[in-house]
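**Q** Let me begin by handing over the structure; questions about it come next.
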Amino acid sequence: MLVAACSSSGLSTAPGTSGAPITATVPGPGQSGGVGGSATTLPGAATAPEQTPGTNAPLPTRPPWLGQRTLPTDSDGDAPPQTTPPELADRRFATVDLLAPPTDGQFQATVGPLEGDPLRRSTWSEGCPVEVVDLRYLTLGFWGFDGLPHTGEMIVNVGVTDDVVAVFQTLFEARYPIEEMRITTQAEVDAPPIGDGNNTSAFVCRAAVGSSRFSEHAYGLAVDINPFINPYVKGDVVLPELATVYADRENVRPGMIVDDDEVVAAFDAVGWGWGGRWRSLKDYQHFALNDR
Ligand SMILES: [Zn+2]
């Protein structure tokens, strides 16, 4: 059974919060990640320019049904290929802040243990192939399609924290736009397909697409970036299901990852593989330490 899109993300707002900020329960930049947490602030080299490239055009309006509509499925729970709704064909939505954004325009990152509220919101359970003590809770600065700096959260394997922080510092300084960056929840993984998620995420305790073995995401060793804009494509299968318009990689639109761009180069620099270079299928959102 096809378990989920590579992103495993269907929701576009923090589940269960109705858009309410979770800042109060999640450590922000410069705060302690909890007992034993070591917060590190990394000064970015870039200074904030006056204007962000590509932000002169008005941002499309986020449709009210985003993340709310379940797709029709077959007996396996899979949804057939879908036509991209016109509202999502040029996807450049403003970011909804879940954590306090950086105030000085500089890249900031924190690294702490995975515990407390972030652990409860995560997909980790006893059956996962990685121990909680081998995961880390990160907060990372990123730029939105709205031309503003934001703070995201991500869970990764302890062995790749330096790699991931280095990559997102590079993306921040390049002003590569990201719509949303937060922990993937079990509710999202278990939900029927919605097909419009665009959450940038790493650790998800689930099987690989079309397989019974664990995904590299289940070890915290893979990152998906803007998955709607950079879908998984294998034959007629496109995941997320509504992202078919982004299966066309010749028409390069904002946020699309193409070979040798700043995103691929940043992961190349830390030795990670890119699913956009695979032969049998293309997983344009997917970067992994072990290139699988
Ligand atoms: Zn992936």
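The values are calculated or read from the model by the stated rules, or taken from the named source; none is laboratory data. All values reported here derive from a predicted model rather than from experimental measurement. All Cβ positions, glycine included, derive from the backbone under ideal geometry; neighbour counts span all protein chains shown.
**Q** Look through region 258-292, keep the residues that are among the aliphatic types (A, V, I, L, M) and surrounded by 17 or more Cβ atoms within 10 Å (Cβ to Cβ), and return whichever of them is farthest from the ligand (Cβ to nearest atom). Steps first, answer last, please.
**A** Filtering region 258-292 for residues among the aliphatic types (A, V, I, L, M) gives 258, 263-266, 269-270, 281, 288-289.
With surrounded by 17 or more Cβ atoms within 10 Å (Cβ to Cβ) added as a condition, the list becomes 263-264, 266, 288-289.
On the way: V263: 14, V264: 15, A266: 16, A288: 7, L289: 12 Å.
Checked region 258-292; the qualifying residue farthest from the ligand (Cβ to nearest atom) is A266.
**Q** Taking region 177-188 as the search range and keeping residues that are under 12 Å from S122 (Cα atoms) and assigned to a loop (DSSP other than H, G, I, E, B), which one is nearest to the ligand (Cβ to nearest atom)?
**A** Within region 177-188, the first condition is being under 12 Å from S122 (Cα atoms), and the residues that meet it are 182-188.
Pick out the ones that are also assigned to a loop (DSSP other than H, G, I, E, B) and you get 182-185.
Details: R182: 16, I183: 15, T184: 11, T185: 16 Å.
My answer is T184.
**Q** Separate question: Take the residues of region 193-237 that are among the aromatic types (F, W, Y) and closer than 27 Å to W143 by Cβ: which is farthest from the ligand (Cβ to nearest atom)? Lay out the reasoning, then the answer.
**A** Going through region 193-237, the residues among the aromatic types (F, W, Y) turn out to be 203, 214, 219, 228, 232.
If we keep only those that are closer than 27 Å to W143 by Cβ too, we end up with 203, 228, 232.
Values: F203: 11, F228: 13, Y232: 8 Å.
Per the criteria, the residue is F228.
**Q** So, G77, is that one modelled with pLDDT of 95 or more, within 25 Å of A187 (Cα to Cα) and small (G, A, S) or not?
**A** Numbers: modelled with pLDDT of 95 or more: no; within 25 Å of A187 (Cα to Cα): yes; small (G, A, S): yes.
Against the criterion (modelled with pLDDT of 95 or more, within 25 Å of A187 (Cα to Cα) and small (G, A, S)), G77 does not qualify.
**Q** Same structure again: Can you name the number of the only condition in (1) modelled with pLDDT under 95; (2) more than 30 Å from V245 (Cβ to Cβ) that R121 fails?
**A** (1)
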